[in-house]
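**Q** I have a structure I would like to understand better, so I am pasting it below and will then ask my questions one at a time.
The values are calculated or read from the model by the stated rules, or taken from the named source; none is laboratory data. Worth saying up front: this structure is predicted, and the values here are computed from it rather than measured. Backbone-built Cβ (ideal geometry, glycine too); neighbour counts: all protein chains shown.
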Amino acid sequence: MIRTIKAASATALAIAFLSSAATAQTIKIGVNEPLTGAFAASGTYVVNGAKIAADEINAKGGLLGKKIELVIEDNKSNPTEAAAVAEKLITRDKTPVMLGAWGSSLTLAVMPKLVEYETAMVVETSSASKITTSGNPYVFRISPPSFVEAAAFKNIVDKLALKKVDFLVINNDWGRGTAEDFSKMMKEKGITIGLVETMDQSAQDMSAQLAKIKATDSETVIITAAVDQLTLIFKQAAALGLKKRIITTGGSQNPDQIIAQAGAAANDTMHLTTFLPWMPEKTPNPEATTYFIGEWKKRGFDFAGCTESFRGYDGIRTIAAAIEKAGKAEPAAIKDALWKIDVKGLNGDIVFKKSGPAGSESGQSFPNVYLIEITSGKIVMKDL
Amino acid sequence: MDQLLQHLVNMLVLGGTYALLGIGLTLIFGIMNVVNFTHGILYTFGAYMMFIVVHQLGLNFFFALPVAIVAGWLLGALIEITLLRPLRGADIDTTMLVMIGAWIAMQSGALWIWGGVAKSIDNPFPDAPLVIGPVSVSWLRLFVLFAAALLIVLAYSLINLTKLGKAMRATFQDSDTAALMGVNVSLIYTSTFAIGSSLAAAAGALLGPVYVVFPQMGDLAAVKAFAIVILGGLGNITGAVIGSFILALAEELGAGYVSSGYRDAMGFLIIIMVLIFKPTGLFARAERVG
């Protein structure tokens, strides 16, 4: 009996050794995204963008003489799952660096795990400001936090002649954080803040909130939510006869999907976005943008997904640049190298600046923010 | 005042569809005593059927509705025959686990077939809403309200006025006696589950065009259906209808005048209050104890 156990454990050890030897032929990158649940559509877009980057890098010979391998896990749009996925990627798959986790609440749930296992994560979508201000030195964010969006928006509030503003935001770190940062900026500008209404991330009927907003004397509503909820809000606002100016934030609007699904209800809405796939010539890196959009179309993905998927593409390219710079696929070396990279991203140069309390700063890159408007079913860029 | 009127109109529309969900579940959960976790997925299924018929087959919107309802009926019958029939007489926990499994499998199936991107269903109604004074409501929602009302009346008549309804009530009161009286008990089980399922599919088919269609859309709907059934009393159809409007009212007024962040928590709050103060439901008849 004992001999059998010994033999079995020896075999198990041998298999474990062999399989780890086999996987050492590739450099693993963990990808922690919502592939099911409320944010399934967005998370899938990001993963598809990440795959384009990985294929592009591998086609050019990979990194440090090895192919890169994305280890993709579903965090189910659920913060608890997101933390578990991070733990699995780091301890079981031994990924030395990760990309994730789409939503702010998901990313915030992962962050303690990064400190625990001393592994860096490139944050591609989340926009709650506190992600890079809470003193987590393993976070490197390429998406704009809401205070950066608010700062970009500051320049145009005069042009839009905003006087009184209501908010309708998703009831999580992303939405509440946005309401806070935008309110602060607007108060400094002398704009009155009216209602701040929230909605659950899975809510489908926002008529009650919209009826309440309809009854106020504000002229503008700032809305923060992902694309599916925005579509519903526009339809329901139109049905209620809400005639206020609507501006959305957060960069997860997929304007093409909104136009396709909300139809006329989407007209005259404005959106703060972080990528311009409709006019590659106006992006900071037209050549790369054109390549990416071409590849995206070639793979038969929905064009509407570009505004999400480019972040997965940029995220993997950021990680790849850091691995190249580090010269080895080890967590500590990659983390240090992330501070030194300068990647031509599709939405501006990706260079990490220090953010948060001294001694344990997070990395924050500052991408461009654009304001677009949907006019008669077409996307028009507004000058900031 | 204007705002209150708008909230009340919203409540009517919302309550009508909640009622379809609630009646369907009260038949299955309240009368058959099956904790039906597939109720939400039947709602999702109804919505996807609308999407398929209207967009993929290119057929008429009004034709798609009965198709979705019949498809829901068939899927319900299939679930009953394949999963529940072999478990008849098993304890409630076993059945519940099987239903949870079926729910997860079907939801993942929907994600696999249709993907996670939400689909929108076109409808033949004008975009501009109907405006009466301070109140504004979309034509589609008005249609949904009337269709729901019609279906509620039909379901009520079926259960209370027909022979099938009488056989159903007899079977779940005492299936042995019903069998002795010549009722085909197996058929009654299947029909009851199928009718409950078709009502859930009808709710999904009606609300799919109002909202957007995606694999997880039924989760919240199912939670609300359970809240309604508990509120109205297990197996009580009238209770389920009234419970639906109470829930819709609580959500609308809760979001309008208390806090919109807690809108969807109102259902749970109601469940807790009912369970504390009137555990048999607000509209349960007095039962003989012992």
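**Q** So for segment B:149-161 (the condition being at pLDDT 90 or above, touching a helix residue (DSSP H, G or I) at 6+ places or on another chain (Cβ under 8 Å) and under 24 Å from B:ALA110 (Cβ atoms)), does at least one residue qualify?
**A** Checked segment B:149-161: at least one residue is at pLDDT 90 or above, touching a helix residue (DSSP H, G or I) at 6+ places or on another chain (Cβ under 8 Å) and under 24 Å from B:ALA110 (Cβ atoms).
**Q** From the list A:THR80, A:THR107, pick out the single residue that is among the β-branched types (Val, Ile, Thr), under 17 Å from the mean Cα position of the chain (by Cα), part of a helix (DSSP H, G or I) and not assigned by TED's automatic domain parsing to the domain that holds A:ALA179.
**A** Values: A:THR80 fails: under 17 Å from the mean Cα position of the chain (by Cα).
Residue meeting the stated conditions: A:THR107.
**Q** Tell me which of these A:GLN229 doesn't satisfy, since it passes every other one: (1) in contact with a strand residue (DSSP E or B) (Cβ under 8 Å, 6 or more places away or on another chain); (2) over 17 Å from B:LEU207 (Cβ atoms).
**A** With respect to (1) in contact with a strand residue (DSSP E or B) (Cβ under 8 Å, 6 or more places away or on another chain); (2) over 17 Å from B:LEU207 (Cβ atoms), A:GLN229 is out only on (2).
**Q** Do we have B:ASP264 as within 12 Å of chain A (Cβ to nearest Cβ) and under 13 Å from the mean Cα position of the chain (by Cα) here?
**A** Taking the combined requirement at face value, the residue does not satisfy it.
**Q** Write out, first by first residue and then by second, each pair whose Cβ atoms fall under 7 Å of each other, whose residues are 6+ apart or on separate chains, and whose first residue, in segment B:238-255, is within 11 Å of another protein chain (Cβ to nearest Cβ) and free of Cβ contacts under 8 Å to residues at least 24 places away in the same chain while the second is assigned to a helix (DSSP H, G or I) and β-branched (Val, Ile, Thr).
**A** Matching pairs, first to second residue: B:ALA250/B:ILE270.
**Q** Still on this model: Looking only at residues in segment B:188-230 that are within 14 Å of chain A (Cβ to nearest Cβ) and of a type in the set (Gly, Ala, Ser), which one is nearest to B:LEU158 (Cα to Cα)? Show your work before the answer.
**A** So in segment B:188-230, the residues within 14 Å of chain A (Cβ to nearest Cβ) come out as B:203-204, B:206-224.
Now narrow it down to the ones that are of a type in the set (Gly, Ala, Ser): B:203-204, B:208, B:218, B:221-222.
Numbers: B:ALA203: 18, B:GLY204: 21, B:GLY208: 25, B:GLY218: 25, B:ALA221: 24, B:ALA222: 23 Å.
Checking each candidate, the answer is B:ALA203.
Condition check ((1) touching a strand residue (DSSP E or B) at 6+ places or on another chain (Cβ under 7 Å); (2) closer than 18 Å to A:GLU373 by Cβ; (3) small (Gly, Ala, Ser)) across all residues:
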{"residue": "A:HIS271", "(1), (2), (3)": "yes, yes, no"}
{"residue": "A:TRP278", "(1), (2), (3)": "yes, yes, no"}
{"residue": "A:ASN285", "(1), (2), (3)": "yes, no, no"}
{"residue": "A:TYR291", "(1), (2), (3)": "no, no, no"}
{"residue": "A:GLY294", "(1), (2), (3)": "no, no, yes"}
{"residue": "A:ASP302", "(1), (2), (3)": "no, no, no"}
{"residue": "A:GLY305", "(1), (2), (3)": "no, no, yes"}
{"residue": "A:GLU308", "(1), (2), (3)": "no, no, no"}
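**Q** Additional query: Any residue in segment A:108-129 that is more than 14 Å from chain B (Cβ to nearest Cβ), closer than 24 Å to A:ALA321 by Cβ, surrounded by fewer than 21 Cβ atoms within 10 Å (Cβ to Cβ) and of a type in the set (D, E, K, R)?
**A** yes
**Q** Condition (residue is of a type in the set (Phe, Trp, Tyr) and crowded, with 23+ Cβ neighbours inside 10 Å) applied to segment A:362-374: is it met by at least one residue?
**A** no
**Q** Follow-up question, since we're still on this one. Pull up segment B:56-76, narrow it to residues that are surrounded by 15 or more Cβ atoms within 10 Å (Cβ to Cβ) and over 16 Å from the mean Cα position of the chain (by Cα), then point me to the one that is farthest from B:VAL185 (Cα to Cα).
**A** That would be B:PHE61.
**Q** Can you name the number of the only condition in (1) assigned to a helix (DSSP H, G or I); (2) over 28 Å from B:LEU253 (Cα atoms); (3) away from chain A (no Cβ under 14 Å) that B:LEU59 fails?
**A** (1)
**Q** Let me spell it out: the conditions are (1) farther than 21 Å from B:ASP2 by Cα; (2) among the polar types (S, T, N, Q); (3) assigned to a helix (DSSP H, G or I), and A:SER202 meets all of them except one. Which number is the exception?
**A** Single failed check for A:SER202: (3).
**Q** Please verify whether segment A:163-183 includes one or more residues that are on the phi > 0 side of the Ramachandran plot and either assigned by TED's automatic domain parsing to the domain that holds A:ALA238 or in contact (Cβ under 8 Å) with a residue 60 or more places away in the chain (or both).
**A** Within segment A:163-183 (the criterion being on the phi > 0 side of the Ramachandran plot and either assigned by TED's automatic domain parsing to the domain that holds A:ALA238 or in contact (Cβ under 8 Å) with a residue 60 or more places away in the chain (or both)), the answer is no, since none of the residues qualifies.
**Q** A further question follows. Look at B:ASP122 and say whether it is under 30 Å from A:ALA40 (Cα atoms), at the interface with chain A (Cβ under 10 Å from one of its Cβ atoms) and without any contact (Cβ under 8 Å) to a residue 40 or more places away in the chain.
**A** Against the criterion (under 30 Å from A:ALA40 (Cα atoms), at the interface with chain A (Cβ under 10 Å from one of its Cβ atoms) and without any contact (Cβ under 8 Å) to a residue 40 or more places away in the chain), B:ASP122 does not qualify.
**Q** Would you say B:ALA203 is modelled with pLDDT of 90 or more and in contact with a Ser or Thr (Cβ under 6 Å, 6 or more places away or on another chain)?
**A** Yes: the conditions hold for B:ALA203.
**Q** Can you pull out the residues in segment A:173-217 that are buried (at least 20 other Cβ atoms within 10 Å of the Cβ), in contact with a strand residue (DSSP E or B) (Cβ under 8 Å, 6 or more places away or on another chain) and closer than 23 Å to B:VAL135 by Cβ?
**A** Across segment A:173-217, the qualifying residues are A:GLU197, A:MET199, A:MET206, A:GLN209, A:LEU210, A:LYS212, A:ILE213.
**Q** Just need a number here: residues in segment A:147-163 that are surrounded by 15 or more Cβ atoms within 10 Å (Cβ to Cβ) and among the charged types (D, E, K, R). Quick ask: steps written out before the conclusion?
**A** Just the residues of segment A:147-163 that are surrounded by 15 or more Cβ atoms within 10 Å (Cβ to Cβ), to begin with: A:147-154, A:156-157, A:160, A:162.
Filter again for among the charged types (D, E, K, R), leaving A:149, A:154.
Residues that pass the stated criteria total 2.
**Q** Next question, about the same structure. Does segment A:313-326 contain at least one residue that is farther than 28 Å from A:ALA40 by Cα and of a type outside the set (A, V, I, L, M)?
**A** yes
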